[in-house]
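Right, one structure below, let's go through it.
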Amino acid sequence: MADIRAFISYSTRDRESAAEVKRALEEFGAIVFVAHDDLRVSEEWRERIVAELEEAQVFVPLLSEHFKRSDWAPQELGYAVAKKHLIIPLQLDGTVPFGFASNLQGKRFVADSLSELFVDPLVTRFPRPVLGHLIRKLA
């Protein structure tokens, strides 16, 4: 079974939260893209971001006022909606999903229980790879 690919979208001011979300998603066996961690020096970053958005199956926007004011993050969110990715909106400061994602329920970001926020949506959409990974991890 192919790996689940995830894209975390965030404002640069919320970088530390993005790193925590990446670790939580990796617990489910996901391959996770976080721009500040995964872009290489002198890499054509716009091209890479579009490629990662194209490959992703899961999109996690870290919603905040900084996110909304970002030049890029709202565009990434629109791209994910158009591609019909599984979108798991996390609210850092009470900012709710907006625009074409306003119909989605967000959840408050709580660092201690991040993994719990991902269980239901990931198992519902990708039961075989997620459950298989969790069983192997427990064994």
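The values are calculated or read from the model by the stated rules, or taken from the named source; none is laboratory data. Keep in mind that what you see is a predicted model, and the values were worked out from it rather than measured. Note that we place each Cβ from the backbone using ideal geometry, even for glycine, and neighbour counts take in every protein chain shown. Ligands, DNA and RNA are stripped out before the accessible areas are found, and what is left, the full protein with its side chains, is counted by its heavy atoms. Shrake-Rupley method; radii C 1.70, N 1.55, O 1.52, S 1.80 Å.
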Once phi for every residue in segment 85-101 is put through the Karplus expression 6.51 cos²θ - 1.76 cosθ + 1.60 (θ = phi - 60°), the whole-Hz ³J(HN,Hα) values, with Gly and Pro written as x, are 5, 5, 10, 10, x, 10, 9, 7, 9, x, 5, 9, x, 9, x, 5, 9
accessible surface per residue for segment 1-116, probe 1.4 Å, DNA/RNA/ligands not counted, whole Å² -> 55
Two pseudo-spin positions, 7 Å from Cα along C-beta at A111 and at R128, lie apart in nanometres by 3.8
Net charge near S113 (other residues with Cβ under 15 Å of its Cβ; Lys, Arg +1; Asp, Glu -1) is -2
To the nearest 10 degrees, the tilt of helix 73-82 (Cα long axis) against the first principal axis of the alpha carbons of the chain is 60
Taking Cα atoms only, helix 114-125 is inclined relative to the longest principal axis of the chain by an angle, in degrees rounded to 10, of 80
Taking the chain and counting helices only, DSSP H stretches of n ≥ 4 at -39,500 (n - 2.57) each over all residues, the nearest-500 ellipticity at 222 nm comes to -13500 deg cm²/dmol
Contact order relative to length for segment 20-139, counting C-alpha pairs under 8 Å separated by 6 or more residues, stands in percent at 25
Sorted by chain and then number, the residues having a modelled amide H within less than 5 Å of the amide H of R5, at least 5 places away or on another chain, are I31, Q57, V58
For segment 74-139, shape from the Cα gyration tensor axes a ≥ b ≥ c, cut at a/c of 1.5 then a/b versus b/c, turns out oblate
Result: in the chain the number of Lys pairs with C-alpha under 24 Å apart, spaced 8 or more or on different chains, is 10
Computed from the beta carbon distance with a Förster radius of 25 Å, FRET efficiency for A51 and E27 to the nearest 0.05 stands at 0.50
Once phi for every residue in segment 33-48 is put through the Karplus expression 6.51 cos²θ - 1.76 cosθ + 1.60 (θ = phi - 60°), the whole-Hz ³J(HN,Hα) values, with Gly and Pro written as x, are 9, 10, 3, 5, 8, 9, 7, 8, 4, 6, 6, 6, 5, 4, 4, 5
For segment 9-139, the accessible surface attributable to carbon and sulfur atoms (probe 1.4 angstrom, ligands and nucleic acids excluded) amounts in percent to 51
The size of the Cβ-based charge dipole (Lys, Arg +1; Asp, Glu -1) of segment 19-71 about the Cα centre, to the nearest 20 debye, is 180
Nearest 10, in degrees from 0 to 90: the angle of helix 127-138 to the longest Cα principal axis of the chain is 70
